[in-house]
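Readers should treat all values here as calculations from the given coordinates under stated rules, not as data from a laboratory. Bear in mind that the values here come from a model prediction, so they are computed numbers and not experimental data. Glycine gets a Cβ as well: all are built from the backbone with ideal geometry, and neighbour counts include every protein chain shown.
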Amino acid sequence: MTIFRRLLLRLGTSLIVLVGVSMLIFCIARVIPGDPARIALGPRATTEQVEQMREALHLNEPLVVQYGLFMRDLARGDLGISLYSKRPVMTDLAEYLPATLELVLLAGLMMVVFGLPLGALSARYRGRWPDHLIRVFSLLTVSAPAFVWAVGLVLVFAYFLPLFPITGRIADTLNIPHLTGFMLIDTLAAGRIDGFISALHHMILPAFALALSGIGQASRLTRSNMISTYEHPSIEMAQAYGFSEARIAQRYAFRPSLIPSLTIIGLDFAALLGNAFLVEIIFAWPGLSRYGVGVILQKDLNAIVGTVLIISATFLIANIIVDFLVSVINPRIRLSENGK
Amino acid sequence: MTLTTRTTVLGSTVLGLLLATAPASAERILRADEVAVGEIDPAKGTDYADTVLAINLYDTLVYPKQGGAGVQPHLATDWTIDGASYTFNLRDDVKFNSGNALTAADVAYTFERMMAMGQGNSSLFAGVVDSVEATGDHTVVFTLSKPFAPFLATLIRMPIVDMATVKANEKDGDWASTWMSQNSAGSGPYMITSHDPQTETVLSYEADYFIEPVENFPETVRFRYGLEPATVRALMGRGEHDISSQWLPPEVYAGLAQDGASLVTEAGLTGEYFKLNTQRAPLDDVHCRRALAYAFDYATMAQLTQINDNTSTSKPMTGAIPQGLTGYDASLPVFQQDMALAKEELGKCQYDPADHPLDVVFIAETPARERGALMMQAIYSTLGFKVDITRTPWALLTEQVTAPATAPHVVEIAISAASPDTDSLLYAMYHSSQPPTWISSSYYKNADLDALLDKGRVESDPDARQALYADANAILADTVPDIYAYELLSPFAVRDGVTYHNLADPARTYPVSGFNMRFADISVSE
C-alpha cells in the first residue's frame with residue numbers, strides 16, 4: 001500500500017470518527033443541565049423572550065431534527081452564534097485555535113528537544129548522579145499538574161525576577177496585522193523581527209509550563225527504552241566491533257527507543273489542546289482551551305460542539321502524523337503494512 | 001572570540017531586542033479587569049463588565065444620581081411626565097464618535113432595536129412601553145402602556161446608539177448584531193480600538209466628549225477579562241495592572257494592600273441573600289424560616305468578609321432593601337443572632353428538624369462562599385438540622401432553581417438592583433408572577449406583598465413610595481423568604497498612582513453597581 005493510499009484510508013476513518021464525535025458531543029451537550037436560552041438572557045428575561053430564543057436556537061425541535069439542522073449548517077461552514085461571546089462560533093474558533101496551536105506546538109517542540117536528550121542522558125549515565133538528578137526532575141514534572149508549574153514559573157521568572165512577560169501574546173505597543181493568527185508567522189510576514197522576538201518572549205513561560213509534564217514523561221520513557229535496548233545483543237555486538245560509545249548510543253540505542261516516546265509525545269501533544277486551559281487562564285492566553293471551558297460553563301451548545309470537533313480533528317491529525325513518523329523510523333512497521 | 005565573549009554578546013543582543021519590544025510609551029494607560037466575558041453591544045449586555053463597557057462607550061438619557069438616590073439628567077436636560085407619557089428634551093451639543101449629531105430619532109431607533117433583538121436589558125422595558133416617537137430633533141416622547149413609576153430609573157439601561165452607523169452595518173435584517181459585537185456606535189467618552197470578548201477590550205478616549213474628564217484621565221484603557229488572582233497579584237506587583245476586579249479572594253486583596261495598593265469598595269445596591277425555598281418542607285413553615293434567620297451568625301459573617309483592619313466587603317442590613325433604595329430605613333436595627341428566639345420559633349415549627357435535612361448550595365465558581373455555608377452548617381446543627389453543603393456549577397444551579405419542588409433549601413447568592421429603583425430588586429425577587437429563576441429562588445407567594453409591589457409601580461409620589469416599600473420591607477423581614485446576610489461592598493485594589501475618584505469620595509459615588517467605573521473619572525500617573 002502506498003503512503004498516499006494509507007493516508008487516504010486514515011483520513012477516511014478519521015472522518016467517520018469525527019461524525020461519531022459530533023453525534024456524541026451534540027447529545028452530551030444537551031444533557032448538561034441548564035437552559036442555554038435562560039443562561040444567555042439572564043434571570044430578568046421574560047418567559048416569552050426565553051421561549052423566543054429557544055425557538056431561534058431550534059431547542060424545541062426533536063434531537064434528530066436539531067442534529068440534522070446542525071449538520072446542514074456545518075456543511076455550509078456555519079456553526080451558529082456563540083451565546084458566550086455573542087459572535088459566530090467560526091470567528092471564535094478561527095481566532096482562538098491558532099493561539100493554542102502555536103502554544104502547544106512550541107510545548108511539543110520543548111518535549112522533544114528537552115525530553116528525549118534528558119532520557120538518553122539518563123540512560124547513558126544509569127545509576128550515576130546525572131541519572132538521579134534527571135529522574136528526580138522527571139518525577140517532579142510528571143507528578144505536578146501544569147497549572148502548578150505555571151503559577152510557580154510566574155512567581156519566579158515574572159514576579160521575583162521580572163524576566164518574562166506575564167500575559168498576552170505580544171507587547172501591547174506592537175500592532176501586527178492579522179494574517180494567519182499564528183503570531184510568530186504573522187510577525188515574520190510583516191517583517192517585524194522585534195515583534196517575532198516579543199511573541200516568542202511571551203510564549204516561553206506558558207509553553208514551558210505546558211511542556212514540563214511531557215518533558216518528564218518523554219525523559220522517563222526514553223530512559224527505560226534505552227536501558228532495555230542497551231541490554232539487546234546487538235549493542236554487545238556493536239561494542240565488540242569497537243564502535244564509540246557516542247555512536248552506539250546515538251545510532252543503535254537511541255533510535256529504536258524513540259518509537260514509543262514519539263507515540264506518547266504525539267498523544268501528549270494532542271491532549272495538550274484540551275488540557276491547556278489552566279495555563280491559558282494563568283497567562284491570560286487567548287486560546288481555544290480557555291474558550292472551551294467558558295462555553296461549557298455557559299452551556300453554549302454551538303460553541304461546545306465546534307470546540308470539541310476542532311480538538312478531535314487536531315487529535316486525529318496529530319495521530320496520523322505520529323504514525324507516519326513512526327513508520328519512517330521503524331521500517332518493520334512500514335514493511336508489515338505493505339504485506340511484506 | 002571566546003565562548004564566554006560570544007555568550008555575553010548574544011545575551012546582550014537578545015536582552016536589547018527584548019527591551020526594545022517592551023512598552024515605552026508616555027501615553028496614559030489604565031488597565032483594569034473583570035471576570036466575565038465582555039459584551040460591547042448595549043442591546044445584549046447585562047452584567048458588570050457589560051455595564052462598564054456600556055457607560056464608557058455610550059450615553060443614556062439619565063444617569064444614576066451622584067452621591068444620592070434616583071437619577072440625574074445626562075443626555076436629557078429635563079423631562080415632563082404626563083400620566084403615562086414621558087417627554088424628554090435632549091442636549092443639542094452631543095455627537096456620536098462617528099461625527100453624527102445625536103438626535104431624538106437615534107433614541108427612538110435604539111429602543112426599537114433593543115426590543116426587536118429581545119436580549120440584554122430589553123426585559124426591563126418589555127410590556128412597559130407602547131411607543132417611542134421623535135417629535136423634534138431634540139425632543140422624544142415615550143408613551144407607556146400604563147403608568148410605571150420606575151420607568152425613569154430604568155432608562156439608565158438604555159444606551160443610545162448611532163442609528164446611521166448601525167443601519168449602515170446591518171446584514172440580512174440582523175440589526176447589525178454581528179458588527180456591533182466588534183465595534184461601537186456610541187457617543188461615550190471612549191470608543192473601541194479592539195475587542196476580544198474573552199481576553200481584552202481596548203478603548204481610546206474621544207476628544208470631543210461633552211463632559212470634561214478629570215485631570216490625568218487615561219487616554220487608552222485596556223479592560224481585561226478572566227485574569228486569575230495569582231496573575232493579577234503578579235501584574236500589580238510589577239506595576240502592569242491598575243485596578244483589580246471585585247472577585248479576588250480576600251487574602252489576595254490583603255496581600256495587594258500590603259504591597260501598597262489602596263482598597264476601595266462600591267456599594268452597588270447589592271445584597272448577599274441566603275434564599276430560602278419557601279415551597280419545600282421544612283422551610284414552607286414560616287417559623288422554621290424565622291428560626292434559621294434568628295440563628296444566623298451575622299457577626300461572624302461580617303468577620304468572614306473583613307479583608308483587613310480597614311476594609312470590609314460587607315455592611316449589616318436592616319431588611320431586604322439595601323441602603324440607597326426607596327424603602328430603606330436606617331433607623332431599623334440591624335439583624336443579629338438570637339439563639340433563644342431561634343429555639344422559640346423552632347418550637348412553633350410543624351416539622352422536626354431531625355427529620356428534615358437542609359441542602360445548602362453555593363456557586364462552585366465563587367469558592368469563598370463556602371465559608372458562609374460551613375458557618376450555617378455549624379450553627380444549624382445546634383438546632384438539630386443536618387446540613388448538606390453542595391458546591392454547584394452555575395449552569396446546573398440555573399437549571400435546579402427552575403423546579404421549586406426539588407430546588408435546594410438554601411442558595412447563597414448576591415443580587416443587585418438593575419436600576420436605582422427598589423422595584424428593580426424586589427419585584428424580580430418576590431412578586432409571585434415572576435418565573436422561577438435564581439433571583440426568585442425563594443418562590444415567595446404573598447398577596448399583601450404583591451399588592452404593595454404593584455402599587456409601587458404606579459405610585460409616583462416619592463413619600464408614598466417610601467411608605468409602600470417600607471411596608472414591603474417589614475413584611476419581608478417578618479416572613480423571612482431570605483436571610484439578609486449583609487449588603488455587599490464590592491472591593492477593588494487600586495495601584496499606587498491611580499485615583500478612583502468616584503469610589504474614593506462618597507459625594508462622587510454613583511449608587512448603581514458598575515456605574516462608577518467611568519474611565520474618564522479615573523486619574524492615572526503617566
Per principal axis, largest first, the Cα atoms of chain A extend in Å by 84, 58, 40
Estimated distance in nm for a label pair at B:A403 and A:A144, the labels positioned 7 Å out from Cα along Cα-to-Cβ: 4.4 nm
Give me the distance in nm between label points sitting 7 Å out from Cα along the Cα-to-Cβ direction at A:I28 and B:T135, one decimal. 6.0 nm
5 Å is the cut-off here: which amide hydrogens, built 1.01 Å from N in the peptide plane, fall below it relative to B:L489, excluding neighbours closer than 5 in sequence? B:S314, B:K315
Orientation-averaged projected area, Cα convex hull of the range A:14-75 (nm²): 4.7 nm²
Full-extension gain between B:A126 and B:K315, please, as 0.36 nm times their residue separation minus the C-alpha to C-alpha distance. 64.7 nm
Net dipole in debye of the range B:329-417 [+1 Lys, Arg Cβ; -1 Asp, Glu Cβ; about Cα centre; nearest 20]: 160 debye
Would you mind getting me the FRET efficiency between B:K455 and B:Q66? Use the beta-carbon distance for r and R0 = 25 Å, nearest 0.05. 0.30
If you average the sequence gap of Cα pairs under 8 Å that are 6 or more apart and divide by the length of chain A, what percent do you get for the contact order? 27 percent
Here the relative contact order (percent) of chain B, from C-alpha pairs under 8 Å and at least 6 apart, is 21 percent
Cleavage-rule hits (GluC sites (Glu not before Pro)) in the range B:185-239: DSSP loop, at most 15 neighbouring Cβ within 10 angstrom: B:E215
Report the one residue of A:V293, A:L221, A:L272 whose Cα lies farthest in the direction of the positive end of the charge dipole of the range A:96-337 (charges on C-beta: Lys and Arg +1, Asp and Glu -1; origin at the Cα centre). A:L221
Please turn the phi angles of the range B:239-248 into ³J(HN,Hα) values with the Karplus equation 6.51 cos²θ - 1.76 cosθ + 1.60 (θ = phi - 60°), one per residue in order, whole Hz, x for glycine and proline. x, 10, 8, 10, 10, 7, 7, 8, 10, 6
Between the DSSP loop rule and a limit of at most 10 other Cβ atoms within 10 Å, which GluC sites (Glu not before Pro) in the range A:176-257 are left? A:E231
Residue by residue through the range B:197-212, what is 3J(HN,Hα) from phi via Karplus (6.51 cos²θ - 1.76 cosθ + 1.60, θ = phi - 60°)? Round to whole Hz and write x for glycine and proline. x, 9, 10, 6, 10, 10, 10, 10, 6, 9, 4, 8, 4, 7, 10, 5
Once you have a ≥ b ≥ c as the square roots of the Cα gyration tensor eigenvalues for the range B:267-489, tell me rounded if a/c is under 1.5, and otherwise prolate or oblate according to whether a/b is larger than b/c. rounded
What translational D, rounded to a whole number of µm²/s, comes out for the protein assembly as shown from Stokes-Einstein when the hydrodynamic radius is the Kirkwood one over Cα pairs, at 20 °C and 1.002 mPa s? 71 µm²/s
So what is the relative contact order for the range A:1-128, in percent, with contacts set as C-alpha pairs under 8 Å and at least six apart? 12 percent
If I model a spin label as a point 7 Å beyond the Cα along the Cα-Cβ vector, how far apart are those points for B:A474 and B:R91 in nm? 4.3 nm
To the nearest 0.05, the calculated FRET efficiency linking A:Y125 and B:A281 through their beta-carbon distance, R0 being 60 Å, is 0.30
Which trypsin sites (Lys or Arg not before Pro) in the range A:1-30 sit in a loop by DSSP (not H, G, I, E or B) and have at most 10 other Cβ atoms within 10 Å of their own Cβ? none
Give the residues of the range B:82-117 whose amide nitrogen is closer than 20 Å to a point set 7 Å from the Cα of B:A207 in the direction of its Cβ. B:93-102
Using a/c under 1.5 as the rounded threshold, could you call chain B rounded, prolate or oblate? The axes a ≥ b ≥ c are square roots of the C-alpha gyration tensor eigenvalues, and prolate needs a/b larger than b/c, oblate otherwise. oblate
Quick one: if the Förster radius is 41 Å, what FRET efficiency do B:D463 and B:S433 give, using the C-beta to C-beta distance and rounding to 0.05? 0.95
With a 10 Å Cβ neighbour count serving as the proxy for reagent exposure, in which order, fewest first, do A:S198, B:S194 appear? B:S194, A:S198
If the cut-off is 22 Å between C-alpha atoms, which lysines fall inside it for B:K386, apart from same-chain ones fewer than 8 positions away? B:K275, B:K343, B:K348
Reachable lysines, given that their alpha-carbon falls under 18 Å from the alpha-carbon of A:K86 and they are not under 8 places away in the same chain: A:K299, B:K44, B:K171
